[in-house]
Amino acid sequence: MSAPPVPEVRAVVDAEAIRSWLSLFAAEVARNRDLLTRLDAAIGDADHGANLDRGTSAAVSALAGDAALSPRTLLKTMGMTLVSSVGGASGPLYGSLFLRMAGSAGGADSLDAPAFAAALRAGLDGVVARGRAQAGDKTMYDALSPACDALDHAVAAGNDLGHALSLATAAADAGRNATIPMLARKGRASYLGERSVGHQDPGATSVALLISTAARALSGDVSQ
Ligand code: ADP
Ligand code: MG
């Protein structure tokens, strides 16, 4: 009898996978800090890169202490750290995203693909509860919502989580790009009215990093 094939992707999202996702996200935020700041300089106050980098670095330090944390406690620590260390709109918004994900994860040691997709959608619901953004308002919603839709469809069609997240990454990237011609209706950029048109939204750009790092972490590719 031959040995069962070694799976190429993680079948479930356990604490190790979540930890790897959150630290990859922090690394990508640090690497893209200047880009995020430049985008926010065009339609905001030039602090999105600094804001998010401060929060994700603080969260990685907070997570480093305990090797035995569950998905829920890791996501909760991430959310609470972002709320407490990030000034500006994105702190409470990203905080809600991760805190709602933690709530959805419950006490499970690991999440399968449908449970991870449900947790990400709970995170989207948290962003909406906090910021009231709708599709087309030129916010992080415009990358996160299509990513959730793509993930749900791909998981329902029976794809493994790694492949489903690569489809979600493409959807988030397309959603991010689609913010360029939008007129901002929420957040600081909305103060600019028509002058917000023609610029990529910084929050949608960081959300695209969040989804692409999930795809990398859950496929076991943690090269930075
Ligand atoms: P601030 O606007 O307070 O300086 P950041 O620069 O860190 O905060 O974050 C700006 C991003 O926050 C925007 O690019 C947008 O994607 C997101 N954002 C702002 N307001 C909302 C909202 N009400 N709902 C969803 N996202 C929002
Ligand atoms: Mg800003």
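The values are calculated or read from the model by the stated rules, or taken from the named source; none is laboratory data. It should be emphasised that the depicted structure is a prediction, and the values quoted were computed from it without experimental measurement. Methodologically, a virtual Cβ is constructed for each residue, glycine included, from the backbone with ideal geometry; neighbour enumeration extends over all protein chains shown. In case anyone asks, the SASA skips ligands and DNA or RNA and just uses the protein heavy atoms, side chains included. Shrake-Rupley method; radii C 1.70, N 1.55, O 1.52, S 1.80 Å.
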*Report, in degrees rounded to the nearest 10, the 0 to 90 angle that the Cα long axis of helix 15-31 makes with the longest principal axis of the chain.*
30
_Semi-axis lengths, Å, segment 93-196, gyration tensor of Cα atoms, sqrt of 5 times eigenvalues_ = 27, 17, 8
*Tell me, what is the FRET efficiency for residue 12 and residue 135 to the nearest 0.05, using R0 = 41 angstrom and their Cβ-Cβ distance as r?*
0.85
*Karplus couplings for segment 159-174 from phi (6.51 cos²θ - 1.76 cosθ + 1.60, θ = phi - 60°), rounded to Hz, Gly and Pro as x?*
5, 6, 5, x, 5, 4, 6, 5, 5, 5, 5, 4, 5, 5, 5, 5
*Convex hull per residue volume in Å³, alpha carbons only, for the chain*: 111
*Derived scalar couplings ³J(HN,Hα) [segment 94-99; Karplus, 6.51 cos²θ - 1.76 cosθ + 1.60; whole Hz; x for Gly, Pro]*: 5, x, 4, 4, 6, 5
_Span from the segment 78-92 Cα centroid across to the segment 118-142 one, whole angstrom_ = 16
*Taking 7 Å along the Cα-to-C-beta vector as the label spot, tell me the residue 185-residue 153 distance in nanometres, rounded to one decimal.*
2.2
*For the chain, which whole-number percentage of the solvent-accessible area (1.4 Å probe, protein heavy atoms only) is attributable to carbon and sulfur atoms?*
55
*Could you state the accessible area per residue of segment 13-218 in Å², with a 1.4 Å probe and every protein chain left in place?*
39
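What is the gain in length, in nm to one decimal, between residue 112 and residue 34 on full extension, counting 0.36 nm per residue of separation less the C-alpha to C-alpha distance?
24.6 nm
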*With a 10 Å radius around each residue's Cβ, average the other Cβ atoms per peptide and rank 114-122, 156-164, 88-96, 39-47, highest first.*
88-96, 114-122, 39-47, 156-164
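Relative to the Cα centre, what is the charge dipole magnitude of the chain, using +1 at the beta carbon of each Lys and Arg, -1 at the beta carbon of each Asp and Glu, and rounding to the nearest 20 debye?
My answer is approximately 580 debye.
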_Sequence of 76, 186 when ordered by accessible area, the most exposed leading, probe 1.4 angstrom_ = 76, 186
